[in-house]
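The values are calculated or read from the model by the stated rules, or taken from the named source; none is laboratory data. Here the structure is a predicted model, which means the values were calculated and not measured. Here the Cβ positions follow ideal geometry from the backbone for every residue, glycine too, while neighbour counts run over all protein chains shown.
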Amino acid sequence: MIQIGDQSYAFDDPMVIGGLVGAAIVLLFLILLIMTVRRAGKSTQAVEYVAGQVGRLTQDIGVLNQGQHTLAGSIKTVSEQTANGQAQVLQNMEQRLAEVRQQMTDQLHESQRRSTLALTEMQERMKESLTGSSEKTTKSLTELQERLATIDKAQTNIEKLSGDVLSLQDILSNKQRRGMFGEIQLTDIVSKALPADSYALQATLSNNRRADCLVHLPNPPGPIVIDAKFPFEAYESYAAADTPQLQQVALRDLGNAVRKHIKDISERYIIEGETADGAIMFLPSEAVYAELHARLPEVVRAGFDARVWIVSPTTCMATLNTMRAILKDARMREQAGEIRKALRLLHRDVEIIGEKAGKLEIHLRQAGDDVSGVLTAATRAGKRADRLDNFDFEELAPEPEDKVVPLVPTKP
């Protein structure tokens, strides 16, 4: 640190370093000058040159000193400006800090206000949400109770259905009841497809065999028997078989059972001269019917050979509708005479209507002529009334007598 007057200069200041370098250069030149003077072999021109150089160096040192003074003034000015700037900066910083502090305070108050408002709104939303959730929960519980009641009702129906299934199993496990089940189903189908007077249930034939249903078809083909058969044991064994070998055995037993039914129906219910030359075997199960056609077509062909046609509930309804058409056609042929008689009476009625229409035309024509005569008389009476209105008492020329049309029609 160098103290010059009121100013202090540090050794690391660039200006101070420059001044020291300049002084070192001057000192170096002085040393060189002294060494040069000491050398005797130097010429006067060299001395003058050195003197000139020393003079120039002296001028440069003066300029350097002047620059140092200027630099010192500048450093002082800069120091003052720096001091003033620091004071101004401190003042500005304090003012800015005050403004920032005020802004922070305002922002904190605003944030607190917004937080309070948001908290209030959140509380309201939570309250509404809790209220809505409570209502939805109540509604859901009500719907759940209703569904539980529906489930309980369905459970009751399922239990009832289970009882019905068990009853159906009991029916199917008993041959007599199974036969009654097939007869009931056959009766229901026949009663829906045919008129009541076209069939007979449990009809006894001449061989003392009782047919489940006898349809009174006209000759040909004649009355035809429908017998309800249900090989349930054989089909149940086939359905329960779990190996190919067992299925093959059960399928063979099912075919044998159906063949036996076909033979019994052919021998009992096909009577020459009394029934048709064929009969119908009713299977009250679509599954058995499908298995026969899919797995045992030879059994179905055996039924065709024995003139026994196997039907299921669906195909039985179609067959009965065909029989209904045959019965309708036969009854229409029976009523053909009555239809012809009714047509003759209808033709006579049409002729009478034609006669009456002709007489009515004559009367209408006569009435038209009468209306024309009335109009002519009215015209003549109008002319005479005009003459009387004009007081025309002159001698009137006799008018030709007009033929008066009588108002009353003459009798023919």
(request) Take Gln107 and decide whether it is under 60 Å from the mean Cα position of the chain (by Cα) and either surrounded by 10 or more Cβ atoms within 10 Å (Cβ to Cβ) or touching a residue at least 12 places away in the same chain (Cβ under 8 Å) (or both). (result) yes
(request) Those residues that are of a type outside the set (A, V, I, L, M), surrounded by 11 or more Cβ atoms within 10 Å (Cβ to Cβ) and under 15 Å from Thr314 (Cα atoms), I need them from segment 188-205; list them, please. (result) Asp188, Ser191
(request) Could you please give the count of residues in segment 276-324 that are within 22 Å of Ala196 (Cα to Cα) and touching a Gly at 6+ places or on another chain (Cβ under 6 Å)? (result) 2
(request) Check whether at least one residue in segment 206-227 is modelled with pLDDT under 85 and crowded, with 18+ Cβ neighbours inside 10 Å, and report yes or no. (result) no
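Matching residues to (1) in contact with a Cys (Cβ under 6 Å, 6 or more places away or on another chain); (2) outside any loop (DSSP other than H, G, I, E, B):
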residue	(1), (2)
Ile184	no, yes
Ile189	yes, yes
Lys192	no, yes
Asp197	no, yes
Gln202	no, yes
Ala211	no, yes
Leu214	no, yes
Pro220	no, no
Val225	no, yes
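For (1) under 52 Å from the mean Cα position of the chain (by Cα); (2) of a type in the set (A, V, I, L, M); (3) under 23 Å from Ala203 (Cα atoms), each residue gets a yes or a no:
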residue: Arg259; (1), (2), (3): no, no, no
residue: Asp264; (1), (2), (3): no, no, yes
residue: Ile270; (1), (2), (3): no, yes, yes
residue: Tyr289; (1), (2), (3): yes, no, no
residue: His293; (1), (2), (3): yes, no, no
residue: Gly337; (1), (2), (3): no, no, no
(request) From (1) crowded, with 18+ Cβ neighbours inside 10 Å; (2) touching a residue at least 60 places away in the same chain (Cβ under 8 Å); (3) farther than 19 Å from Val308 by Cα, pick out the condition that doesn't hold for Tyr238. (result) (2)
(request) Kindly list, by first and then second residue, each pair from a residue in segment 191-219 that is under 17 Å from Pro284 (Cα atoms) to a residue that is assigned to a loop (DSSP other than H, G, I, E, B), limited to pairs with Cβ atoms under 7 Å and residues at least 6 apart or on different chains. (result) Ala211/Leu205
(message) With the requirement that a residue be of a type in the set (D, E, K, R) and touching a Leu at 6+ places or on another chain (Cβ under 9 Å), what does segment 261-309 give you?
(response) Arg268, Glu274, Glu291, Arg295
